[in-house]
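Asks: One structure coming up, written as structure tokens, with questions to follow.
The values are calculated or read from the model by the stated rules, or taken from the named source; none is laboratory data. Computed from a prediction, not measured in an experiment: that's the story for all the values here. Using ideal geometry, Cβ is built from the backbone for each residue, glycine included, and neighbour counts are taken over all protein chains shown.
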């Protein structure tokens, strides 16, 4: 394998063939923020937060999946890139409840994103809390649609395919097949999706309710009541 | 001016008759390619002809073909195991993008309904040069007549030996399947189209890898618009010099424009590249409807740009339109007269993109929704006239930033172009 030499922010860097721009930049200790990218998963390249400016390219390119080519001239913090990241975080904040995603909030702050720039009356992700199984809750108002859970459930980890994407545009969301409750899906409760979720949309059930102030006995009582209700039906 | 390079047969021959097409010189081009000893010549000719994609992105077709032909031997057997058995023997694929979902565009429909054999011949020539044995036509679901014409044409071609095994020579086999779209604008985007053919959600893939390297079923794929394929038989037979005699230096050949809106004779017209827009509107389309004045022209469809009435003398070529900050796009020309509330048009465009965004990447998923909301806020309570000063500076800046970021960071062409028309109308002060 031959090496590739390119220029990032004026510095020359040599990486092995097949390395991405993100890897090349991190080799130089340049900070590029990422949201959907996870080192163990196939980059879906959809959050667009890791975009960089590559000379001679018409649009900005995602550094997470774009492979470094010899002679590329890359700018990771040009005004164009900075504006893109600022507005992307503003968009995210306008649509999603980021209260359980302190890392994303911190990144948004770094780029000077104004939280309410799009106004207060705009459409946000609105979903009821799905508390339909003993192990984890699904709070899709906090979902940023990074697809990590789908990847973990599917081809990148578990090959279970219990959840997938549904809807489109702003209404795109993660769902089980036909929206059935988790116990009726093919879910094997491996927990990989909960582990992968960066924004707190998937949380362990007990931890979630304890954070809401419910004590364990109370939770057990509620669960038992639910069970009894169900067995009556 | 008008020229009949690829529309010569339209309305003149029976589109269901292969013999009628053969009598007009049909399939001479394929025969010549199949009998030739030097095959690289044809791709070089296509490159020299300067034909660029007619779907909207205007990528040089010859370059695309060359890239796919070069990539093909690099892909070792066998195909990924999820590829259906009947497609596995093809080491590359030919796809005709007939989804034609750009608003105001209907040229592909006219070509498919009026001269289906020309498109299929163009695909077959390309398949022979790229060693592909399987081709697909991804057809817009609403095009019933085109579906019937193409299905009939394919049946006839198979029966007469122009498709199937041993086409003109023992070692050339090729067949074409039709896939009908289900109405999603995004499935006209080439990689989303591949996903759709593969049976998945129509979501675009991140590029690179480009389709010429890893396209349909992860194999090198040549995907072209209907009109592009229709140009190939002519260039193959007549050569690049003959093709370059038409059009301008930088935009050779012809283009089918689709004129709609407030004109006397809306329709699809094949024009030589470089023809002034004024000629198309006033001479070909017969001018505006009586009693109305020109307000604006939307060129290139929903993904295109607005032109002011005083920009009507622009030559319709890629360089001519680029010079005034517009693009040719799919060839749609929508004429809007002074009776129309342009804010309403902008709202409709914004709603279109909001509805058609697939929801994969953040800027398009959220940005198209926000763009609509900003426009709704701006137009609230303004049925017609909105004074320039009425647009608060921060709202305008937000609209611009939102649009610029969608254009710069979206994963595919849908999000990248979703703010073009709206921002051009604001920049050119067409809405006020």
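Asks: What's the number of the only condition in (1) more than 18 Å from residue B:193 (Cα to Cα); (2) modelled with pLDDT under 95; (3) out of contact with any helix residue (DSSP H, G or I) (no Cβ under 6 Å at 6 or more places or on another chain); (4) assigned by TED's automatic domain parsing to the domain that holds residue B:157 that residue B:23 fails to meet?
Replies: (2)
Asks: What residue, of A:132, A:156, is more than 26 Å from residue A:29 (Cα to Cα), part of a loop (DSSP other than H, G, I, E, B) and in contact with a helix residue (DSSP H, G or I) (Cβ under 6 Å, 6 or more places away or on another chain)?
Replies: When all the criteria are applied, what remains is A:132.
Asks: With A:184, A:178 as the choices, which residue is away from every other protein chain (no Cβ under 13 Å), at positive phi and without any contact (Cβ under 8 Å) to a residue 12 or more places away in the chain?
Replies: Within the list A:184, A:178, the selection yields A:178.
Asks: Looking only at residues in the range B:328-368 that are within 12 Å of another protein chain (Cβ to nearest Cβ) and either outside any helix (DSSP H, G or I) or in contact with a strand residue (DSSP E or B) (Cβ under 8 Å, 6 or more places away or on another chain) (or both), which one is nearest to residue B:193 (Cα to Cα)?
Replies: B:358
Asks: Can you confirm whether residue A:118 is closer than 24 Å to residue A:103 by Cβ, buried (at least 20 other Cβ atoms within 10 Å of the Cβ), more than 14 Å from chain B (Cβ to nearest Cβ) and in contact (Cβ under 8 Å) with a residue 12 or more places away in the chain?
Replies: no
Asks: Please go through the range A:205-225 and pick out each residue that is surrounded by 13 or more Cβ atoms within 10 Å (Cβ to Cβ) and farther than 15 Å from residue A:136 by Cβ.
Replies: A:214, A:222
Asks: Still on this structure: Looking at the structure I just gave you, is residue B:67 closer than 30 Å to residue B:283 by Cα, part of a helix (DSSP H, G or I) and at pLDDT 90 or above?
Replies: no
Asks: Scan (1) surrounded by 17 or more Cβ atoms within 10 Å (Cβ to Cβ); (2) more than 13 Å from every other protein chain (Cβ to nearest Cβ) for the single condition residue A:28 breaks and write down its number.
Replies: In the conditions (1) surrounded by 17 or more Cβ atoms within 10 Å (Cβ to Cβ); (2) more than 13 Å from every other protein chain (Cβ to nearest Cβ), residue A:28 misses (1) alone.
Asks: OK, next. Of (1) more than 18 Å from residue A:200 (Cβ to Cβ); (2) buried (at least 22 other Cβ atoms within 10 Å of the Cβ); (3) within 12 Å of another protein chain (Cβ to nearest Cβ); (4) touching a residue at least 60 places away in the same chain (Cβ under 8 Å), residue A:8 satisfies all except one. Which?
Replies: (3)
Asks: Quick one: residue B:430 ticks every box in (1) within 14 Å of chain A (Cβ to nearest Cβ); (2) touching a strand residue (DSSP E or B) at 6+ places or on another chain (Cβ under 7 Å); (3) at pLDDT below 95 bar one, so which box is it?
Replies: Result: residue B:430 passes all but (1).
Asks: Can you pull out every residue in the range B:37-56 that is surrounded by fewer than 17 Cβ atoms within 10 Å (Cβ to Cβ) and in contact with a helix residue (DSSP H, G or I) (Cβ under 7 Å, 6 or more places away or on another chain)?
Replies: B:39, B:48 - these are the residues of the range B:37-56 that are surrounded by fewer than 17 Cβ atoms within 10 Å (Cβ to Cβ) and in contact with a helix residue (DSSP H, G or I) (Cβ under 7 Å, 6 or more places away or on another chain).
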